[in-house]
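The values are calculated or read from the model by the stated rules, or taken from the named source; none is laboratory data. Small disclaimer: the values here were computed from a predicted structure and weren't measured. Cβ placement follows ideal geometry from the backbone for every residue including glycine, while neighbour counts extend to all protein chains displayed. Ligands, DNA and RNA are stripped out before the accessible areas are found, and what is left, the full protein with its side chains, is counted by its heavy atoms. Shrake-Rupley method; radii C 1.70, N 1.55, O 1.52, S 1.80 Å.
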Amino acid sequence: MAKFQALALGIVGGALLVLAGCEVAPESAAPVTGRPNAKLALERGGVRPMMVAPMPESRDSFREVDPNVWQAVDAEPVSTFSIDVDTASYAYVRRLLREGRLPPKDAVRVEEMVNYFPYDYPAPESAAVPFRPTVTVLPSPWNSGAKLLHIGLKGWDVPRDRRPRANLTFLIDVSGSMNAPDRLPLVQKSLRQLGEGLRPDDTVSIVTYAGSSEVALEPTQGADLATILAAVDGLGAAGSTAGAAGIQKAYALAERTFDPEAVNRVILATDGDFNVGESDPRRLEELIAAKRKTGIYLTILGVGEGNLNDALMQRLTQAGNGQAAYLDSLLEARKVWIEELGSTMFPIADDVKIQVEFNPARVAEYRLIGYETRKLARADFSNDKVDAGEVGSGHSITAIYEFRPVGAAGVLNEPLRYGKNGGSAAEPGSTERADEIAFLRLRYKKPGASESALIERPITERDAAPSLDGAPENVRFAVAVAGYGQLLRKDDALSGGTWDDIARLAEGARGRDPHGWRAEFVQLVRLAQSLRP
C-alpha cells in the first residue's frame with residue numbers, strides 16, 4: 001500500500017507550512033493512471049507524479065451567526081454591545097490561509113480580526129478614568145454614499161513595576177488527541193517563552209487532564225523557573241478528555257493559592273471538546289461564572305485543527321471574563337506571552353459596555369460591523385448585573401459602525417410615516433444638537449467593583465475626517481482589516497470594495513510596525529485573494 005508523507009516546508013510568517021498528502025510511489029508500483037501524461041513521464045524517467053490525498057474532514061466547531069443587518073434609526077436608534085478582546089479567529093484564519101485553504105464563514109469574527117492588532121490611540125491621562133475614547137467619521141470604502149463611525153478606546157497602561165503579581169494556574173489538555181506537533185508540543189514550547197514575562201514573585205501551577213486530572217506542578221514561584229520548565233517538559237499526551245474534571249481541579253488549586261492583591265487566572269490549553277464527564281456547556285458556564293465572581297478569571301488557548309471546539313471556547317471565556325486566543329505558531333505564543341502579556345493578563349476594567357445612540361435627524365440607518373455574539377439589550381447597558389467584557393492594561397479596543405445619512409442614496413429602510421422614535425435626539429429643522437451625528441456612552445467597572453462608572457461624549461461633524469485618505473493611520477488600517485473580514489465572510493452588506501482595495505488601504509496605513517504584524521496582514525489579504533475562485 002502506498003504511504004503518505006508530510007513534508008515541512010519551513011516557517012513563513014510565523015506559520016509552519018506543510019505539504020500534506022503527497023503519495024510516494026515505490027519503485028515497484030504500477031504506473032499512475034488517470035492523468036494524460038503520467039505514463040509518459042514514467043517512461044521518460046521523469047519525476048514520478050504525486051497524487052494528493054484528500055484532506056480529512058474537519059470536526060472543528062464554530063457558532064453559527066448571521067452578520068448584523070441595517071437598522072432603521074427611527075425604529076432602533078440605540079445599539080448596545082459588550083467589548084471583545086479575543087483574537088482566536090484571526091490566528092485560526094491565518095493558519096488555514098497559510099495552508100492554502102479558505103476559512104469557513106463562521107470561523108471569521110470581524111471584531112476579532114480588527115482587535116488582533118494594537119493601535120496607538122490617545123491614552124487616558126490617569127488611572128482614575130482608565131479609558132479615553134476617540135472617534136472618527138469617514139467615508140465608507142465599500143458602499144457609495146455611506147460613512148463609517150470608528151470608535152477607538154485606549155486603556156490605561158499600568159507600568160510593569162506597578163503591576164500586581166500574577167497567580168497563574170495552567171490547565172493543560174494531555175489527552176491522546178494532543179499528541180501532534182501543533183498541539184501539546186506547541187503548548188510546551190510556548191510555555192517556555194512565558195519565563196521572559198514572569199516576575200520572581202509570580203506563581204505558576206499546572207493541572208493536566210486526560211482520562212482523569214492530576215496536579216503536575218504545585219504552586220511554584222517564578223524565581224524557580226527551572227522547576228516550572230521541568231514540569232512543562234515532562235508532560236505527555238495519552239487517553240480521553242475529562243475536561244470538566246480538570247476545570248474543577250484547576251479552580252480548586254487556584255482557590256487554594258488565591259491572593260486578593262494578585263491577578264488570579266486559570267489558563268486552559270486544549271485542542272478540542274470534552275468527552276468524559278460533565279460536558280454540558282451551560283453547566284460549565286455556570287461553574288466558570290461562579291468562579292469569576294470570586295476573582296478568578298479564565299483564559300483559553302486553542303491549538304490544532306480538526307477537533308477544535310471554538311464555539312465552546314467562546315462561551316466559556318465570555319463566562320470567565322477572559323480571552324480566547326489561538327496558537328498557530330511560536331510567534332503567536334510570543335505575542336501572547338511577551339509582547340502583550342499586560343493586556344492579556346492584567347485587567348484594568350470589567351464589564352465594559354458600549355452604547356451608541358444615533359440621531360434620526362442625521363442618520364437614516366446603521367449596522368455594527370462584527371460583535372454579533374456580543375450584542376446586548378438596551379436595558380443591559382445600565383444593569384450592573386449583566387456581564388460584559390474585560391480589558392487589560394494598555395489594551396486598545398476598536399468598534400466600527402457603517403451608517404447612511406438621511407437623504408443618502410442606497411438607504412434600505414423606508415422612513416416611518418408617523419414620526420420618529422428618536423428619544424431626545426434633534427428633529428429635522430431643529431438647531432438644538434443639530435450637529436450631533438450620534439452619542440457615545442461607555443460603562444465599566446474597576447476590577448472587584450460592583451457599580452459601574454460612565455463615560456459619554458457626543459459625536460459631531462468635528463469628528464469627521466476630510467476623506468478616507470485623510471483619516472488617521474490607525475483608523476485606516478482598522479477599516480482595512482474590517483473589510484478583509486467581511487470579504488472572507490462574503491457579507492452581502494458590501495456593494496463595492498475589492499481585495500486590491502483592501503490591500504492598498506492597509507499598505508498605506510502600515511505605519512510603525514515593530515513586530516511585522518501589519519506587513520503580514522497585507523500578505524494574508526493577497527493570499528486570500530489568490531484562493532478565491
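Going by the structure shown, is residue 309 touching a Gly at 6+ places or on another chain (Cβ under 9 Å) and modelled with pLDDT under 90?
Numbers: touching a Gly at 6+ places or on another chain (Cβ under 9 Å): yes; modelled with pLDDT under 90: yes.
Against the criterion (touching a Gly at 6+ places or on another chain (Cβ under 9 Å) and modelled with pLDDT under 90), residue 309 qualifies.
What about residue 528, is it open to solvent by less than 40 Å² (accessible area, probe 1.4 Å), more than 25 Å from residue 403 (Cβ to Cβ), under 22 Å from the mean Cα position of the chain (by Cα) and among the aliphatic types (A, V, I, L, M)? Walk me through how you get there before you give the answer.
On the way: open to solvent by less than 40 Å² (accessible area, probe 1.4 Å): yes; more than 25 Å from residue 403 (Cβ to Cβ): yes; under 22 Å from the mean Cα position of the chain (by Cα): yes; among the aliphatic types (A, V, I, L, M): yes.
Yes: the conditions hold for residue 528.
Please pick out the residue among 462, 476 that is assigned to a helix (DSSP H, G or I) and exposed (fewer than 14 other Cβ atoms within 10 Å of the Cβ). Walk me through how you get there before you give the answer.
Values: 476 fails: exposed (fewer than 14 other Cβ atoms within 10 Å of the Cβ).
That would be 462, the only listed residue that is assigned to a helix (DSSP H, G or I) and exposed (fewer than 14 other Cβ atoms within 10 Å of the Cβ).
Go through region 182-216 residue by residue and tally those that are in contact with a strand residue (DSSP E or B) (Cβ under 9 Å, 6 or more places away or on another chain), over 14 Å from residue 239 (Cα atoms) and either of a type in the set (Lys, Arg) or without any contact (Cβ under 8 Å) to a residue 40 or more places away in the chain (or both).
Total meeting the criteria: 9.
I'd like the residue in region 360-387 that is in contact with a helix residue (DSSP H, G or I) (Cβ under 8 Å, 6 or more places away or on another chain) and over 30 Å from residue 139 (Cβ atoms) and, out of all such residues, is least open to solvent (accessible area, probe 1.4 Å).
So in region 360-387, the residues in contact with a helix residue (DSSP H, G or I) (Cβ under 8 Å, 6 or more places away or on another chain) come out as 369-371, 373-374, 386-387.
With over 30 Å from residue 139 (Cβ atoms) added as a condition, the list becomes 386-387.
Numbers: 386: 29, 387: 47 Å².
Per the stated criteria, the residue is 386.
Going through region 86-128 one residue at a time, which ones are among the small types (Gly, Ala, Ser) and buried (at least 19 other Cβ atoms within 10 Å of the Cβ)? Walk me through how you get there before you give the answer.
The initial filter retains those residues of region 86-128 that are among the small types (Gly, Ala, Ser), namely 88-89, 91, 100, 107, 123, 126-128.
Those that are among the small types (Gly, Ala, Ser) and buried (at least 19 other Cβ atoms within 10 Å of the Cβ): 88, 89, 91, 107.
Mind checking whether some residue in region 174-192 is of a type outside the set (Lys, Arg), closer than 16 Å to residue 270 by Cβ and touching a Ser or Thr at 6+ places or on another chain (Cβ under 6 Å)?
Checked region 174-192: at least one residue is of a type outside the set (Lys, Arg), closer than 16 Å to residue 270 by Cβ and touching a Ser or Thr at 6+ places or on another chain (Cβ under 6 Å).
Scan region 246-276 for residues that are open to solvent by 30 Å² or more (accessible area, probe 1.4 Å) and within 25 Å of residue 182 (Cβ to Cβ) and jot them down.
Residues satisfying the conditions are 273, 275, 276.
If I filter region 299-317 for residues that are touching a residue at least 60 places away in the same chain (Cβ under 8 Å), closer than 24 Å to residue 79 by Cα and open to solvent by less than 10 Å² (accessible area, probe 1.4 Å), do I get at least one hit?
Within region 299-317 (the criterion being touching a residue at least 60 places away in the same chain (Cβ under 8 Å), closer than 24 Å to residue 79 by Cα and open to solvent by less than 10 Å² (accessible area, probe 1.4 Å)), the answer is yes, since at least one residue qualifies.
Do you know which of the residues in region 388-403 that are of a type in the set (S, T, N, Q) and part of a strand (DSSP E or B) is surrounded by the fewest Cβ atoms within 10 Å (Cβ to Cβ)? Even if it seems obvious, please write down each step before you answer.
Initial filter on region 388-403 (of a type in the set (S, T, N, Q)): 393, 396, 398.
Still in the list and also part of a strand (DSSP E or B): 396, 398.
Numbers: 396: 20, 398: 23.
Only one residue tops the list, namely 396.
Restricting to region 231-247, give me the number of residues that are β-branched (Val, Ile, Thr) and touching a Leu at 6+ places or on another chain (Cβ under 8 Å). Explain how you work it out, then say what you get.
The initial filter retains those residues of region 231-247 that are β-branched (Val, Ile, Thr), namely 232, 241, 247.
Next, only the ones that are touching a Leu at 6+ places or on another chain (Cβ under 8 Å) stay: 232, 247.
Qualifying residue count for the region: 2.
Would you confirm whether any residue within region 214-233 is surrounded by 16 or more Cβ atoms within 10 Å (Cβ to Cβ) and under 10 Å from residue 174 (Cα atoms)?
no
What about residue 149, is it over 24 Å from the mean Cα position of the chain (by Cα), buried (at least 16 other Cβ atoms within 10 Å of the Cβ) and at pLDDT 95 or above?
Values: over 24 Å from the mean Cα position of the chain (by Cα): no; buried (at least 16 other Cβ atoms within 10 Å of the Cβ): yes; at pLDDT 95 or above: yes.
So residue 149 does not fit the description; no.
Look through 283, 292 and report the one residue that is open to solvent by 10 Å² or more (accessible area, probe 1.4 Å) and modelled with pLDDT of 85 or more.
Numbers: 283 fails: modelled with pLDDT of 85 or more.
Of the residues listed, the single one that is open to solvent by 10 Å² or more (accessible area, probe 1.4 Å) and modelled with pLDDT of 85 or more is 292.
Among the listed residues 378, 417, which satisfies the condition of being free of Cβ contacts under 8 Å to residues at least 24 places away in the same chain, farther than 30 Å from residue 167 by Cβ and among the charged types (D, E, K, R)? Don't jump to the end; show me each part of the working.
Details: 378 fails: free of Cβ contacts under 8 Å to residues at least 24 places away in the same chain.
Among 378, 417, only 417 is free of Cβ contacts under 8 Å to residues at least 24 places away in the same chain, farther than 30 Å from residue 167 by Cβ and among the charged types (D, E, K, R).
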